[in-house]
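A short reminder: the numbers here are calculations on the coordinates, not readings from a lab. Quick caveat, the model's predicted, so the values are computed rather than measured. All Cβ positions, even for glycine, are placed from backbone atoms using ideal geometry, and neighbour counts span all protein chains on display.
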Amino acid sequence: MAVYTDVSENELGAFLKEYSIGDLLSYKGIAEGSENSNFLLHTSSGSYILTLYEKRVDKGDLPFFLGLMEHLAGKGISCPLPVHRRDGSVTGALAGRTAAVITFLEGMWMRRPTAAHCREVGTALASLHVAGVDFPLKRPNALDIAGWRKLWEGSHDRADEVEKGLAAEVDADFAAFERNWPKDLPAGVIHADLFPDNVFFLGEKLSGLIDFYFACNDLYAYDVAICLNAWCFEKDGSFNLTKGTALLAAYQAVRPLSDAEKQALPILARGAALRFMLTRLYDWLTIPDGALVQKRDPMEFIRKVRFHRQINSASEYGLK
Ligand SMILES: Nc1ncnc2c1ncn2[C@@H]1O[C@H](COP(=O)(O)OP(=O)(O)OP(=O)(O)O)[C@@H](O)[C@H]1O
Ligand SMILES: N[C@@H](CCO)C(=O)O
């Protein structure tokens, strides 16, 4: 679920008076997502998404997230456009939260993506990287290795409840990352969470990217590594080389990877898998059973960490 905060029709009506998007016809909470409260609005001028930012989003980051969507949309990337209020701002206050209205994107996310979908994602990711080059705002990645450490400190002592030996395994990985993480690769604005549920399709054609709330400045190849993890594994945990090949070839057709980026891909992919394992593990151990939030399986990603650990060259991901 992701409706943590209820909104009454009266308060929503008053909030929307600050916008020029017509009269409210209907609204309903959206169950998907886990970070913020989202509502689908229908007004006399069309459909919109209303987001109330919950506690994990630092309000100081909203100009970066919302400004980035506007910047990317202006460069032809299909992503939501924040709607400006009559006073020009893109956020307001609603039900005790900071809130924004963004445009609605048509399409649906793919539960079982094919190689054709992976190809579309590769193109979209590289296009996003190129389009973000002149975005003026900066946001360091809160989930860099130091951020992973903090998360890990909160889970370490209970990690073996999930699988015996996990704490020692992850400790050893941290030592490897802190020694070998690449630093001098091309960097810029990355999405940092481009999972299937954040990419909409109409048939096999990509129709839009959403959820920019982890976007930040970091290595471009790290974003590629995140997508390999998110798109190219099968439900049984095996890596699908056809999907990897499709995603990487499409990415490189727009933004070719340097030799140094190619060489770094295995460690970046292993780090990306660890990053998602850690957020999932933290949630797994801290969200009470019975809460309405859907908990995601951390073990899916420790299996991916193990897979990447035995990769010797990015060609094993399908990189040409
Ligand atoms: N611009 C949009 N157009 C259409 N639907 C949208 C849009 N933005 C969000 N949604 C819908 O709302 C859901 C939740 O959005 P989003 O993924 O941004 O939420 P979140 O709480 O940040 O979730 P996450 O757990 O993925 O971080 C999406 O799965 C989608 O169904
Ligand atoms: N994409 C993340 C969750 C939201 O960021 C995951 O699958 O763990």
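Does segment 99-125 hold any residues that are under 13 Å from residue 78 (Cα atoms) and in contact with a Lys or Arg (Cβ under 9 Å, 6 or more places away or on another chain), and which are they?
Our first condition is that a residue be under 13 Å from residue 78 (Cα atoms); within segment 99-125, this holds for 102-107, 120-121, 123-125.
Result: 107, 120, 125.
For residues in segment 242-274 being of a type in the set (D, E, K, R), in contact (Cβ under 8 Å) with a residue 60 or more places away in the chain and under 17 Å from residue 126 (Cβ atoms), which is surrounded by the fewest Cβ atoms within 10 Å (Cβ to Cβ)?
The selected residue is 255.
For segment 1-67, the strands (runs of 3 or more DSSP E) that sit wholly inside it and include 1 or more residues that are within 18 Å of the chain's Cα centre (by Cα) are 37-43, 46-52.
Only residues that are farther than 15 Å from residue 84 by Cβ and more than 10 Å from ligand 1 (Cβ to nearest atom): list them for segment 53-64, please. Steps first, answer last, please.
At the first step, the residues of segment 53-64 found to be farther than 15 Å from residue 84 by Cβ are 53-61, 64.
Correct list: 55, 58, 59, 60, 61, 64.
In segment 275-306, which residues are over 17 Å from residue 171 (Cβ atoms) and either acidic (Asp, Glu) or crowded, with 18+ Cβ neighbours inside 10 Å (or both)? 276, 279, 280, 283, 284, 289, 297, 300, 304, listed by residue number. The condition (being touching a residue at least 12 places away in the same chain (Cβ under 8 Å) and either among the small types (Gly, Ala, Ser) or within 16 Å of residue 35 (Cβ to Cβ) (or both)) is satisfied by just one residue among 56, 85: 56. Of all residues in segment 1-24, those satisfying the criterion of being surrounded by fewer than 16 Cβ atoms within 10 Å (Cβ to Cβ) and closer than 27 Å to residue 197 by Cα are 1, 6. Which of the residues spanning segment 271-285 are closer than 20 Å to residue 309 by Cβ and not aromatic (Phe, Trp, Tyr)? Listed by number, the residues that qualify are 271, 272, 273, 274, 275, 277, 278, 279, 280, 281. Considering only segment 72-102, how many residues are touching a Pro at 6+ places or on another chain (Cβ under 7 Å) and within 13 Å of ligand 1 (Cβ to nearest atom)? Qualifying residue count, segment 72-102: 2.
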